[in-house]
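Colleague: Pasting in a structure now, in structure tokens, and then I'll have a few things to ask.
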């Protein structure tokens, strides 16, 4: 009986440790500064440059999309706490308005669910927001995977929007840790 209790105690400790690791940004793999390789990516015009800065501390992950074209620059910041089931993120401006005539609407926030997968090599997010269009408000869901290559030198971003037929695929190379 004591062996069974000991084995169950070990199993509980193992499960608790795995749960703790799941919320830990083993995303040291993901953190760094990543530069878009435009020739290998979906067109992101009107933006000419796109750097992705990922930082992590504890269960918190911050994604900063640094978009620029000419004198125009925009930093889109998404701060997430992976220990929370849902994050409400304020949106000042919707930087994905690529000649679409769609702008952030609703309460100017997005609701984001996020999780780390594959030992911290993949960050998956599901974001819900409302866009204002000429036809009126439109609810949009955006599923995004940020996946680091096996060697850690490349990051692939795959984004599927409920309003698009195909995915946006962006390939980045690491330019700084």
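Colleague: Would you say residue 155 is touching a residue at least 60 places away in the same chain (Cβ under 8 Å), assigned to a strand (DSSP E or B) and touching a helix residue (DSSP H, G or I) at 6+ places or on another chain (Cβ under 8 Å)?
Modeller: no
Colleague: Moving to a separate point now. From 59, 83, 126, grab the single residue that is surrounded by fewer than 18 Cβ atoms within 10 Å (Cβ to Cβ), touching a residue at least 40 places away in the same chain (Cβ under 8 Å) and over 21 Å from residue 176 (Cα atoms).
Modeller: On inspection, the qualifying residue turns out to be 83.
Colleague: Look at region 87-98 and say how many of its residues are in contact with a strand residue (DSSP E or B) (Cβ under 9 Å, 6 or more places away or on another chain) and modelled with pLDDT under 95.
Modeller: 6
Colleague: Still on this structure, I have one more. Suppose the filter is at pLDDT 95 or above, surrounded by fewer than 16 Cβ atoms within 10 Å (Cβ to Cβ), within 25 Å of residue 158 (Cα to Cα) and under 17 Å from the mean Cα position of the chain (by Cα); does residue 75 pass it?
Modeller: So residue 75 passes the test.
Conditions tested, residue by residue: (1) more than 14 Å from residue 146 (Cβ to Cβ); (2) modelled with pLDDT under 95.
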| position | (1), (2) |
| --- | --- |
| 66 | yes, no |
| 82 | no, no |
| 85 | yes, no |
| 100 | yes, yes |
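Colleague: Among the residues of region 38-45, is any part of a strand (DSSP E or B) and surrounded by 12 or more Cβ atoms within 10 Å (Cβ to Cβ)?
Modeller: no
Listed here are the residues, each with its yes/no results for (1) in contact (Cβ under 8 Å) with a residue 12 or more places away in the chain; (2) in contact with a helix residue (DSSP H, G or I) (Cβ under 6 Å, 6 or more places away or on another chain); (3) under 22 Å from residue 53 (Cα atoms); (4) surrounded by 14 or more Cβ atoms within 10 Å (Cβ to Cβ).
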| residue | (1), (2), (3), (4) |
| --- | --- |
| 79 | yes, no, yes, yes |
| 88 | yes, no, yes, no |
| 109 | yes, no, yes, yes |
| 113 | yes, no, yes, yes |
| 119 | yes, yes, yes, no |
| 135 | no, no, no, no |
| 144 | yes, no, yes, yes |
| 151 | no, no, yes, no |
| 161 | yes, no, yes, yes |
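Colleague: Name, by its number, the condition in (1) outside any strand (DSSP E or B); (2) within 30 Å of residue 39 (Cβ to Cβ); (3) more than 15 Å from the chain's Cα centre (by Cα) that does not hold for residue 106.
Modeller: (2)
The values are calculated or read from the model by the stated rules, or taken from the named source; none is laboratory data. It should be emphasised that the depicted structure is a prediction, and the values quoted were computed from it without experimental measurement. Counting neighbours? That spans all protein chains shown, and the Cβs are built from the backbone with ideal geometry, glycine included.
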